[in-house]
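Read the figures in this text as sums done on the coordinates, not as results from a lab. This one's a predicted model, so the numbers in the text were calculated from it and none came from an experiment. A quick note on method: Cβ atoms are made from the backbone with ideal geometry, for glycine too, and the neighbour counts reach across all protein chains shown.
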Amino acid sequence: MDQNPDDRHVLAAAIRCNADVIVTFNLDDFPSQALQQYGVEAQHPDEFILHLLDLNPAIVCSAAEIQRMRLKNPPKTPDEYLDTLIKQGLPQSVSTLRELFYRI
């Protein structure tokens, strides 16, 4: 991988543990051409969470709620928590989580 030498350890770890996916906001440093030969792909966290939501929405919603409830400084309401996730770059995941939360 020639893009960024600082990221070589990430690919090496993925290869070593036979991972199929590297989840990163830093997609530019993990071009698909460089990863294909190792059977690895890079996914944005938003895309990865959407896949998890497709597989088991109840567990992902439960995990998100547990994470939110563990926030103490400061504590966050469900809407504040979801707004934080949007600011972190997860708008599609938040959209799906909102739909699921309000369906319950």
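The figures follow:
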item: Dipole of the range 1-84, positive direction: furthest Cα of N18, Y38, L50, with charges on the beta-carbon; result: N18
item: Principal axis dimensions, largest first and in whole angstrom, of the chain by Cα; result: 44, 29, 21
item: Total formal charge among the other residues, if their Cβ is under 11 angstrom from that of L53, Lys/Arg +1 and Asp/Glu -1; result: -4
item: Percent of alpha-carbon pairs separated by more than 18 Å within the range 47-102; result: 25 percent
item: Per-residue ³J(HN,Hα) for the range 60-73, Karplus 6.51 cos²θ - 1.76 cosθ + 1.60, θ = phi - 60°, Hz, x for Gly and Pro; result: 5, 4, 4, 5, 5, 5, 4, 4, 4, 5, 7, 6, 10, 9
item: Two-site label geometry, E47 and A34: point separation in nm, points 7 Å out along Cα→Cβ; result: 1.6 nm
item: Residue exposure sequence - Y102, Y81 - by fewest surrounding Cβ within 10 Å; result: Y102, Y81
item: Extension gain from A58 to L27, taking 0.36 nm per residue of separation minus the Cα-Cα distance; result: 8.3 nm
item: Full-extension gain in nm, D79 to H9, via 0.36 nm per residue minus C-alpha separation; result: 21.5 nm
